[in-house]
Each structure stands twice: as structure tokens, then as C-alpha cells.
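Here's the structure, in C-alpha cells; my notes come after.
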Amino acid sequence: MVKRPYHHGDLRSALLIGAERTLREKGAAALALRELAREVGVSHAAPGRHFKDKQALLDALAVVGFERLASSLEEADNAQETLERRLVAFARTYVDFALHNAELLDVMQTRKYDPNAPEELTAAVDRIMAAFLRMIADGQDRGEVIPGDPARVSLVAVATLQGIATLVAHRSFPDAALEGLDEVVHHLVHGLAPR
């Protein structure tokens with residue numbers, strides 16, 4: 001029997017990287033703290049310093065996913081563009097994330113509405129929602145979007161993009177439809193336009 005060390009230079013990061021790899025290759029059911037400890041080369045008890053159980057690990061993965069998605073969406077946004085162009089950039093970014101992170105997106109969507117989700121996860125979700133709210137509020141200020149509470153108005157855009165991303169992640173969306181993403185956004189924007 002090989003005795004494994006308890007300490008690691010950056011164990012939390014190493015465990016999250018390994019967990020994301022396992023998630024991508026085998027799915028959430030295959031995640032196990034003991035197995036990750038073995039892969040990282042530490043004792044089976046060492047991960048407990050960072051994750052009390054598998055759910056805590058899944059929550060941390062969801063936070064990583066939301067932070068990565070939020071950064072990508074913020075990078076894709078250009079406040080000088082029209083609402084339609086901004087939403088197209090968001091849609092493409094969100095769909096690209098879904099295509100390359102389907103399993104992670106499932107974990108993210110499963111945990112984000114859980115009343116027991118940690119505060120860090122709620123903050124990461126709020127960061128993405130804030131980006132949508134800014135975009136809708138900007139559109140309202142420019143007269144591109146109907147007046148009203150930006151949170152309620154943005155629900156249409158968020159639900160549409162999240163729905164498309166989920167369909168893409170589960171390969172339920174035909175590839176040809178992805179080419180029509182700009183058209184979906186066009187209809188969305190014109191549906192939100194003042195009348």
C-alpha cells in the first residue's frame with residue numbers, strides 16, 4: 001500500500017480540475033472525492049479540508065462554471081453596440097459555452113435555484129443576471145426596449161437564451177438551427193421593441 005501525502009500545493013484547484021475532467025468524461029455520477037484524491041496523489045481524507053462532501057464539490061464546480069460563463073459574456077458585450085448585436089454576441093457566447101461544457105452546464109442549472117445553494121453560487125448567478133439587466137436597461141434608455149422593470153423584461157431574453165443553450169448542450173437542437181441564432185435574436189429584439 002502506498003502512503004499518500006496529506007498536503008498539496010493547491011489541492012482545491014487540483015481537485016476542481018480533476019472533477020471537471022471526470023464530469024466531462026464520465027458524468028456527475030462518477031465523481032468521488034476518494035477517487036479524485038487518488039488521482040491528485042493525496043490521502044483520501046485531504047479533500048475534506050475543501051469539500052465536506054460530493055455536493056460541496058458539485059457546488060464549487062457550478063461556481064466555476066458560472067464565473068467562467070460570466071467572464072465570457074462580459075468580454076463579449078460591447079455597450080456601444082445596438083441591443084440586437086449585443087444579444088447576438090451573448091447568444092453566441094452562451095451557446096458556445098453550452099457546446100463545450102454540456103455536463104458542467106447541467107450541474108450549474110441543477111444547483112442555481114436550490115434554496116440551500118451556498119452564497120458564493122448565488123453571487124455567481126447574480127453576476128450573469130446583472131449583465132442581462134444592464135443590457136436591457138441600456139436598451140430601454142436608448143428606446144430599443146419596452147419600458148418596465150428590467151428584471152421582468154429581461155426574463156424573456158434570459159429564458160430564450162437559456163432554453164437554446166440547454167437544447168444545444170443536450171444535442172436536441174439541429175445544427176442548422178444554430179446558424180439561425182441571429183434570426184432568433186432578431187425576433188426576440190423586435191418582440192421587446194416599443195410599439
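Computed values, structure above
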{"item": "Subset of the range 96-120 that is surrounded by 20 or more Cβ atoms within 10 Å (Cβ to Cβ) and part of a helix (DSSP H, G or I) - its residue that is modelled with the lowest pLDDT", "result": "111"}
{"item": "Pairs where the first residue, in the range 83-104, is in the same structural domain as residue 172 (by TED's automatic domain parsing) and the second is among the hydroxyl-bearing types (Ser, Thr, Tyr) and modelled with pLDDT under 95, C-beta under 8 Å, 6+ apart", "result": "98/166"}
{"item": "Subset of the range 23-81 that is over 28 Å from residue 122 (Cβ atoms) and outside any helix (DSSP H, G or I) - its residue that is modelled with the lowest pLDDT", "result": "44"}
{"item": "Output for the range 121-145, where each listed residue is among the β-branched types (Val, Ile, Thr) and either in a helix (DSSP H, G or I) or not assigned by TED's automatic domain parsing to the domain that holds residue 156 (or both)", "result": "122, 125, 128, 136"}
{"item": "Tabulated pairs, the range 179-191, first touching a residue at least 12 places away in the same chain (Cβ under 8 Å), second assigned to a helix (DSSP H, G or I) and acidic (Asp, Glu), C-beta under 9 angstrom, 6+ apart or interchain", "result": "182/84; 185/84; 186/84; 188/84; 189/84"}
{"item": "Residue match in the range 24-36 (condition: buried (at least 20 other Cβ atoms within 10 Å of the Cβ), of a type in the set (A, V, I, L, M, F, W, C), free of Cβ contacts under 8 Å to residues at least 40 places away in the same chain and more than 30 Å from residue 190 (Cβ to Cβ))", "result": "yes"}
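The values are calculated or read from the model by the stated rules, or taken from the named source; none is laboratory data. None of the values given here were measured: they were computed from a predicted structure. A quick note on method: Cβ atoms are made from the backbone with ideal geometry, for glycine too, and the neighbour counts reach across all protein chains shown.
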